[in-house]
Amino acid sequence: MTNPMESERIRLRALEPEDVNILYKWENDTEIWKVSNTVAPFSKHMLRQFIENQQRDIYETRQLRLIIESKADGKPVGAIDLFDLDPYNCRAGVGILIYDQRDQRQGYASHAVSIVIRYGFQVLNLNQLYCDIPSQNIQSLALFKSKGFSVIGLKKEWTKTTSDWQDEYMLQLLNPQKWG
């Protein structure tokens, strides 16, 4: 039986204590802040607490971060999050980061999103997944559309940048296997 958290290219795995250094690098890269709505750096102490918190149940924390690891060499290439889990309304947000530009457009994100869709619908029994994507992020928009997400709205001047305001698309994917 194959691992449902793997594809032929990647594996999604839980955060480990030794991931603190890579999270520290990723979370404190100010270039990433514009897509993660971050405005202040994270300390290693805060990240250790975050990793410890991830050991608790997803229904308690309402979020899950998984490391995207290349199966070829075991290297962490990014992270994918389920966040704002709403058990009553059976929905969650999805966010993804492939950190290094050399690892982008290599299929890692596509595989990770496919796995998270399957996990969200088949394991968590969610009715829908959604994501918010800055209008300038053409690659992410294309990725999520290729996985069946539909644009359901445009939030005008939603995010402030250092020089102007950015629009943001909201996308949604409904579970094709409706349950009772």
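The values are calculated or read from the model by the stated rules, or taken from the named source; none is laboratory data. None of the values given here were measured: they were computed from a predicted structure. Note that each Cβ is placed from the backbone with ideal geometry, even for glycine, and that neighbours are counted across all protein chains shown. Note: areas computed on protein heavy atoms with side chains; ligands, DNA, RNA excluded. Shrake-Rupley method; radii C 1.70, N 1.55, O 1.52, S 1.80 Å.
Screening Asp81 on (1) open to solvent by less than 20 Å² (accessible area, probe 1.4 Å); (2) assigned to a strand (DSSP E or B); (3) closer than 18 Å to Phe149 by Cα shows it passes everything except condition (1). Annotation note: Cβ proximity below 6 Å between a residue of the range 42-59 that is over 12 Å from Ala14 (Cβ atoms) and a residue that is open to solvent by 80 Å² or more (accessible area, probe 1.4 Å) (sequence gap 6+ or interchain) occurs for Lys44/Tyr24; Leu47/Tyr24.
Would you tally the residues in the range 117-166 being among the β-branched types (Val, Ile, Thr), in contact with a Pro (Cβ under 9 Å, 6 or more places away or on another chain) and either at pLDDT 95 or above or surrounded by 15 or more Cβ atoms within 10 Å (Cβ to Cβ) (or both)? Result for the range 117-166: 1. Just one of the listed residues (Arg13, Arg62, Arg56) is among the basic types (Lys, Arg) and at positive phi, and it is Arg62.
So, in the range 12-47, exactly how many residues are touching a strand residue (DSSP E or B) at 6+ places or on another chain (Cβ under 9 Å) and closer than 28 Å to Asp73 by Cβ?
As a first pass, look at the range 12-47 and keep what is touching a strand residue (DSSP E or B) at 6+ places or on another chain (Cβ under 9 Å): 12-16, 19, 22-23, 26, 32, 34-37.
Subset that is closer than 28 Å to Asp73 by Cβ: 12-16, 19, 22-23, 26, 32, 35-36.
Residues that pass the stated criteria total 12.
So which residues in the range 1-51 are open to solvent by 80 Å² or more (accessible area, probe 1.4 Å) and outside any helix (DSSP H, G or I), if there are any at all? Matches in the range 1-51: Met1, Thr2, Glu8, Arg9, Asn37, Val39, Pro41.
Any residue in the range 99-119 that is assigned to a loop (DSSP other than H, G, I, E, B) and over 26 Å from Tyr24 (Cα atoms)? Spell out how you get there, then give the answer.
Applying the first criterion (assigned to a loop (DSSP other than H, G, I, E, B)) to the range 99-119 yields 99-100, 104-107.
Those left that are additionally over 26 Å from Tyr24 (Cα atoms): none.
For the range 99-119, residues assigned to a loop (DSSP other than H, G, I, E, B) and over 26 Å from Tyr24 (Cα atoms): absent.
Among the criteria (1) outside any loop (DSSP other than H, G, I, E, B); (2) farther than 14 Å from Leu12 by Cβ; (3) among the hydrophobic types (A, V, I, L, M, F, W, C), the one Leu126 does not fulfil is (1). More than 20 Å from Val151 (Cα to Cα) and open to solvent by 50 Å² or more (accessible area, probe 1.4 Å) - does that describe any residue in the range 61-70? Checked against the condition, which is being more than 20 Å from Val151 (Cα to Cα) and open to solvent by 50 Å² or more (accessible area, probe 1.4 Å), the range 61-70 yields at least one hit.
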